[in-house]
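**Q** Dropping a structure here in structure tokens format, bear with me for questions.
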Amino acid sequence: MRLKIKGYLVVVIIFLANPVPGIGQSAVNLSDYQSRYPENNAIYLDYLKEITIDMEGDSIKIHSEQLERVLHLNSNSRYLARDKVFSSFFVKTKSIDAQTIVPQGSEFTIMKVEDFLEKDESSSGVFYDDSKSTNFIFPGIKPGSITQLKYQQQILDPRFLNSFFFQSFIPIEKAQLVLKVDKNISIAYKMFHQGNLEIDFSESKKGKYTIYKWTSKNVKAVKYEEDSPNLSYFAPHLVYYISKVKRGTEEHVILGEVKNLFDWYSTFTAHLDSEESPDLRKTVEGLTQDLATEEEKVQAIFYWVQDNIKYIAFEEGMRGFIPHNANYIFSNRYGDCKDMACITRSMLKIAGINSYFTWIGSRDIPYSYEEVPTPIVDNHMIATYYKDGDPQFLDATSKYTQYGLPSSMIQGKQALVQTGPDSYRLETVPVIDRKVNFKRDSSIIKISNGRVIGNGILSEGGYEKIFDTYRITFASGTKLDELIKAKLTRGSNKFLLENYNLTNLTNKDLPLEITYSFNIQDYYKQIGDEIYLNLNLSKPFFNQLIDIERRKYPIETEYKYEHTYITTLEIPNGYEIEHLPRNSEFMNEVAGYSINYELLGSKVILRKTVFVEYLILALEKFPAWNDVINKINEAYTDALILKKK
């Protein structure tokens with residue numbers, strides 16, 4: 001089974017040096033496996049990969065052979081019938097053999113897959129993506145059947161070795177990676193998140209090869225959990241790559257240090273300073289002629305690229321790495337992330353401003369360039385401008401991002417900035433402060449005839465606005481109404497949004513504002529002379545406890561944020577305050593809140609703030625999160641009581 005997770009391709013390839021089990025060897029004790037794995041629908045009997053890295057003359061030849069055997073434990077495993085094998089310009093599939101071994105009493109029937117369908121694959125936001133897939137369906141799956149997939153592939157570039165995961169979404173009886181490496185080739189490897197998993201490693205010599213072998217057994221399944229980060233953040237896996245090759249008496253470095261990767265990347269940008277087009281210069285001059293400062297010019301050009309160059313990820317072969325020149329992009333008005341970085345840089349150059357090509361990985365990728373100096377460390381390209389020595393990361397693919405903010409998907413990531421033909425710097429993208437990503441909801445309410453009636457204004461900035469701008473611009477008509485209602489709903493399911501108005505939706509430099517009016521039926525209780533009203537119409541964080549006993553993996557959020565809610569109640573005539581709820585506040589390193597009540601003349605004002613202070617919440621921080629939730633849950637129970645005078 002191929003697993004493609006948040007932009008990652010987890011390829012399962014196999015060691016065919018061991019004999020492939022035959023029909024007689026395929027017999028298994030189904031009831032034994034069912035009792036051992038009562039919560040699973042299927043298991044991998046074998047999840048293996050062998051790669052042979054050879055020298056033919058002066059060329060490196062890389063060949064892989066793969067086998068997967070899956071035992072189906074119950075009828076719920078039928079979703080695994082659909083499978084695919086990925087390939088690309090650099091990874092060519094040479095052969096595929098797929099079959100189902102179906103038990104028939106004491107015998108077995110082999111049902112071979114006959115129909116294979118090739119499709120294009122694509123992933124958003126990447127600068128290398130020309131994947132294709134060969135799709136097929138295993139026939140005859142039922143409890144006790146074994147699906148078996150064998151295929152061979154050729155890897156055409158020595159830099160495109162990948163990684164091997166020892167854990168998957170179904171249990172693995174045996175996982176094995178074998179690297180069979182020519183004596184003239186050196187490799188490097190690094191293990192991530194092994195934890196308590198036992199992985200047997202051996203290194204041996206056979207003829208002209210050094211054979212590296214990693215084997216694990218009886219590996220539990222990864223259980224899907226909502227909002228988990230990419231599998232590579234916590235699952236045990238090995239990254240491996242070719243570091244050097246010896247040709248005759250000379251040793252050539254392939255990968256191993258950041259400089260080796262940069263030297264290769266820099267060849268893709270060397271040709272891009274070609275003659276500019278008069279139309280492009282005219283556009284730049286028109287954008288910048290009335291602007292006084294360099295930064296104003298940078299912002300104007302950045303916004304022009306966002307608004308006028310359509311993002312299209314058309315990338316095949318080396319086009320996955322090499323941008324078009326700026327004239328081509330300007331003429332066609334579309335491009336991928338490399339192209340948008342290129343035209344941004346070129347337009348800034350015309351304006352007399354230095355900026356730089358920058359390679360970077362999205363947050364789906366956990367590695368730094370020092371840890372893994374190979375192409376799997378990044379999947380994106382942007383431009384970088386230095387303002388008084390401080391890097392500003394210009395990602396024009398993020399259409400609604402204001403100048404000064406990086407796109408949310410690269411927060412905290414290391415960036416490889418090409419400062420010259422042969423020079424680079426490593427920079428770290430900042431994680432944006434929660435106060436920048438704000439939501440402020442201020443409303444005035446009154447109560448009458450069993451209803452809460454209110455008017456308000458919601459203001460958003462930073463990533464709060466950016467994400468909502470995408471949602472709103474892709475909605476219209478009743479879908480837009482439903483979207484806005486969902487944002488503003490409070491109190492109960494009897495909330496009625498009467499009207500709303502949007503302001504500054506596409507103005508990147510001003511907060512989004514939504515003015516609105518609403519009413520809520522049957523929200524408060526009146527008992528005799530007393531009215532019981534909970535002013536917390538909105539209850540962020542309410543009951544969001546993490547089940548520490550069940551949750552096994554970290555929790556990821558898009559960005560840190562701070563939300564403020566101000567609710568002003570006009571006390572009805574003839575009533576006075578019987579009970580004003582207590583103020584409450586609690587915060588720690590992961591989150592927090594404050595709730596404050598104030599009696600001001602004939603009004604009661606509730607000011608409430610909640611905030612999140614993490615991008616990835618590690619398991620050891622779960623208790624801290626739950627501390628916040630327990631405190632705020634208690635605070636939400638305290639209601640305002642009004643009494644007739």
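Values quoted throughout were computed directly from the atomic coordinates according to the rules given, and no laboratory measurement underlies them. Computed from a prediction, not measured in an experiment: that's the story for all the values here. Cβ: placed from backbone, ideal geometry, glycine included. Neighbour counts: every protein chain shown.
**Q** Rounding to the nearest 20 debye, state how big the charge dipole of segment 3-253 is about its Cα centre with +1 on each Lys and Arg Cβ and -1 on each Asp and Glu Cβ.
**A** Roughly 420 debye for segment 3-253.
**Q** Could I have the simple spin-label model distance between ASN630 and GLN521, label points 7 Å from Cα toward Cβ, reported in nm to one decimal?
**A** Computed distance between label sites ASN630 and GLN521 equals 4.0 nm.
**Q** Which listed residue (LEU117, ILE170, ALA81) has the Cα farthest towards the positive end of the charge dipole for segment 3-253, taking +1 on Lys and Arg C-beta and -1 on Asp and Glu C-beta about the Cα centre?
**A** ILE170
**Q** For GLU556, GLU198, what ranking results if the residue with the fewest other Cβ atoms within 10 Å of its Cβ goes first?
**A** So the residues, fewest neighbours to most, are GLU198, GLU556.
**Q** Also, I was wondering about something else. Evaluate the distance, in nm, between pseudo-label points positioned 7 Å from the Cα of PHE474 and of ASN218 along their respective Cα→Cβ axes.
**A** 4.5 nm
**Q** Which entries in LYS61/LYS92; LYS435/LYS508; LYS61/LYS208; LYS259/LYS413 show an alpha-carbon gap greater than 20 Å?
**A** Going by Cα-Cα distance, every pair falls inside the 20 Å limit.
**Q** What is the gain in length, in nm to one decimal, between GLU498 and LEU117 on full extension, counting 0.36 nm per residue of separation less the C-alpha to C-alpha distance?
**A** Gain in length upon complete extension: 132.0 nm.
**Q** What order, most packed first, do the peptides 355-366, 592-603 have when packing is the mean number of other Cβ atoms within 10 Å of each residue?
**A** Averaged packing, sorted descending, gives the order 355-366, 592-603.
**Q** Along the charge dipole of the chain, which of ILE329, LEU149, PRO406 sits closest to the positive end, that is, farthest toward it, with unit charges on the beta carbon of Lys, Arg, Asp and Glu (+1, +1, -1, -1)?
**A** Of the listed residues, the answer is LEU149.
**Q** Right, another one. Within segment 152-180, list the residues whose amide N lies under 17 Å from a label point set 7 Å along Cα→Cβ of LYS92.
**A** Taking a point 7 Å out along Cα→Cβ of LYS92, the residues of segment 152-180 whose backbone N falls under 17 Å are 152-161.
**Q** DSSP H helices in the chain with Cα extent of 30 Å or more along the helix axis and mean Kyte-Doolittle hydropathy at least 1.6?
**A** None clear 30 Å together with a mean of 1.6.
**Q** Provide the gained length on full extension for the span LEU483 to SER31, in nm with one decimal, where the gain is 0.36 nm per separating residue minus the Cα-Cα distance.
**A** My answer for the length gained is 157.8 nm.
**Q** Only Lys, Arg, Asp and Glu count, each charged at its Cβ (+1, +1, -1, -1), so figure out the dipole size of segment 438-644 about its Cα centre, rounded to 20 debye.
**A** Dipole size: approximately 360 debye.
**Q** Does segment 305-454 come out rounded, prolate or oblate by the C-alpha gyration tensor, with a ≥ b ≥ c the root eigenvalues, rounded set by a/c under 1.5 and, if not, prolate when a/b is larger than b/c and oblate if not?
**A** prolate
**Q** Based on DSSP H runs of at least 4 residues, each adding -39500 (n - 2.57), what is the mean residue ellipticity at 222 nm of the chain after dividing by all its residues, to the nearest 500 deg cm²/dmol?
**A** -5000 deg cm²/dmol
**Q** Work out how much length ARG281 to ALA618 would gain on full extension: take 0.36 nm times their residue separation and subtract the Cα-Cα distance, in nm to one decimal.
**A** 116.4 nm
**Q** Dipole of the chain (Lys/Arg Cβ +1, Asp/Glu Cβ -1, origin at the Cα centre): which of ALA98, PHE393, TRP264 lies farthest to the positive side?
**A** ALA98
**Q** Nearest 20 debye, what's the magnitude of the dipole of the chain about its Cα centre given +1 on Lys and Arg Cβ and -1 on Asp and Glu Cβ?
**A** Here the size comes out at about 1260 debye.
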